[in-house]
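Please treat every number below as a calculation from the coordinates, not as lab data. Treat the numbers as computed from the prediction; the structure is a model and nothing was measured. Please note: Cβ atoms are built from the backbone with ideal geometry, for glycine as well, and neighbour counts cover all protein chains shown.
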Amino acid sequence: MKMNLANIKKAKKLLYKKECIAIPTETVYGLAGNAYSDQACQKIYKLKKRPKNNPLIVHYLNAKRLKKDCYLNDDFIKLYKKFCPGPITFILKLKRFSKISRVITNKKSTLAVRFPRHSVTRKLLRILEFPLAAPSANPSSRISAVTSADVKEDFGKKIKYVLEGGKSSFGIESTIVDLINKPQVLRLGGLNVSSIRKTLRKKISINNKPSKISSPGQFKVHYSPGLPIRLNAKNIRKDEAYILIRKKKINKSNYFFLSKKGNLKEAAKNLYTTLRKIKKKKFSSIAVSKIPDRGYGKTINDRLLRASRFNEKIT
Ligand code: TXA
Ligand code: MG
């Protein structure tokens, strides 16, 4: 991705004016604003139509800058050294006198933080004097955006600027790990849980289906293309789109392959793009073949399960 400095300067200018813009990250695009400004953060909630009780992830250049706002513990330091910048989000304890806008934290004493790896956004963060609050750049409960065109499709003129960064290399959101007490994973994502376990050498529970929602990425309905989805499907109807994990010899116009050879990381990367493609083609519903429930397959299954519940009411 060629770096365009004029674009980064334009993004900077708008962010200093407390505007909300879209930024590229290696996971998905984010809807970003100054995390120290109530006004900028309010704009993010409004644009995304996001419930006010759903806190935002704050994006930092590095741990040195984060120290002003959060307490860094040993588990954090181990994971940070190994995986950052990269597709992992940490829940940490917020410092009482941090400048983080209370619009984001909504009376919580914790903060979700992340260090994106994307070179364009790192360049931007480097020249800002504040971190960026940025939820995924999609209307609440819909599919995340992995290209600037996806963002423009969803928000049109409502968004002031989309900073170009090409297609997100992971194409799926970050893994969220709560490090407040015993480490637990709240959302599966771009970094496999086994890598976190190996680094911390600790048991790590996966708590992405809690009775009490602490992370609304855990909301039952999410990532929805707005069509019914049937999982583990074997018999496909003619008017249905069929998602397969691996390319087949027979290629029908309603078949969509997530990967050539069944590589789960590649499949995760192509998931949202495929769902968007299907949505545009006016199928009546989506059938998905069985996807192995291991590694990135677990993340894909998690997203598809939530997307398949689009008829249910969001609570
Ligand atoms: O890859 C990503 O994480 C992308 C890119 C743009 O960084 N961002 C993203 O943000 O997916 P969002 O807002 O769509 O998802 C963040 C999740 C939400 O489910 C939110 O509830 C949860 O993080 N979260 C934020 N603050 C939290 C906190 N203090 N405790 C628990 N969960 C939190
Ligand atoms: Mg999201």
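So what's the Cα pair-distance distribution over the chain, bin width 20 Å, in %?
Distribution as computed: 34, 58, 8, 0 percent.
Helix-derived [θ] at 222 nm for the chain: sum -39500 (n - 2.57) over DSSP H runs of at least 4, divide by residue count, nearest 500?
-8500 deg cm²/dmol
Which values, in whole Å and largest first, are the semi-axes of the equivalent ellipsoid of region 229-314 obtained as the square root of 5 times each eigenvalue of the Cα gyration tensor?
Taking √(5λ) for each Cα gyration eigenvalue gives 18, 17, 11 Å.
Name the residue from ASN232, LEU304, SER253 whose Cα lies farthest towards the positive end of the charge dipole of region 229-314, charges +1 on Cβ of Lys and Arg and -1 on Cβ of Asp and Glu.
It is SER253, whose Cα lies furthest towards the positive end.
Given the pairs LYS99/LYS269; LYS48/LYS238; LYS13/LYS49, which span a C-alpha to C-alpha distance of over 30 angstrom in this model?
As for pairs spanning more than 30 Å Cα to Cα, those are LYS99/LYS269; LYS48/LYS238.
What is the Cα centroid distance between region 43-122 and region 221-266, reported in whole angstrom?
One Cα centre to the other: 34 Å.
What residues qualify as long-range amide H neighbours of ALA22, i.e. H under 5 Å apart, gap of 5 or more or another chain, H built at 1.01 Å from N?
For ALA22, the qualifying residues are ALA32, TYR161, VAL162, LEU163.
Let me check I've understood the local charge: for SER98, count other residues with C-beta under 9 angstrom from its C-beta, Lys and Arg +1, Asp and Glu -1. What total comes out?
Around SER98, the charge tally is +3.
Computed over the Cα atoms, what is the radius of gyration of region 1-156 divided by 2.2 N^0.38 Å, N being its residue count? Intermediate results must be reported in sequence, preceding the final value.
Numbers: Rg = 14.6 Å, N = 156, 2.2 N^0.38 = 15.0 Å.
Taking N as the residue count of region 1-156, the ratio is 0.97.
Suppose a student asked you for the relative contact order of region 5-206, using Cα pairs under 8 Å spaced at least 6 residues apart; what percent would you report? Before the final figure, lay out each step's value.
Values: 423 pairs, mean separation 61.9, N = 202.
Relative contact order for region 5-206 comes out at 31 percent.
Listed highest first by mean packing, meaning other Cβ atoms within 10 Å per residue, what order do 96-107, 17-28, 264-275, 158-169 come in?
By packing density, highest mean first, the sequence is 17-28, 264-275, 158-169, 96-107.
Arranged from highest to lowest average of other beta-carbon atoms within 10 Å per residue, in what order do the peptides 174-180, 150-156 appear?
The peptides rank, most packed first, as 174-180, 150-156.
Length gain on complete extension for the stretch SER285 to LYS64, per 0.36 nm per residue less the alpha carbon to alpha carbon distance?
Taking SER285 through LYS64 to full extension adds about 74.8 nm, to one decimal.
Given labels modelled 7 Å from the Cα in the Cβ direction, how far is it in nm from ASN181 to SER194?
Output for this residue pair reads 2.9 nm.
Please list, by residue number, everything in region 260-295 whose backbone N is under 16 Å from a paramagnetic label point 7 Å out along Cα→Cβ of SER253.
Answer for this model: 278-285.
Compare the peptides 30-41, 238-249 by average per-residue count of other Cβ atoms within 10 angstrom and give them in order, highest first.
30-41, 238-249
How much length would be gained if the chain were fully extended between SER109 and ARG237, taking 0.36 nm per residue of separation minus their Cα-Cα distance, in nm to one decimal?
So the chain would gain 41.1 nm between SER109 and ARG237.
Among the DSSP beta bridges whose two residues both lie in the chain, what percent are antiparallel, rounded to the nearest 5?
Details: 18 of 38 bridges.
For the chain, the DSSP antiparallel bridge percentage is about 45.
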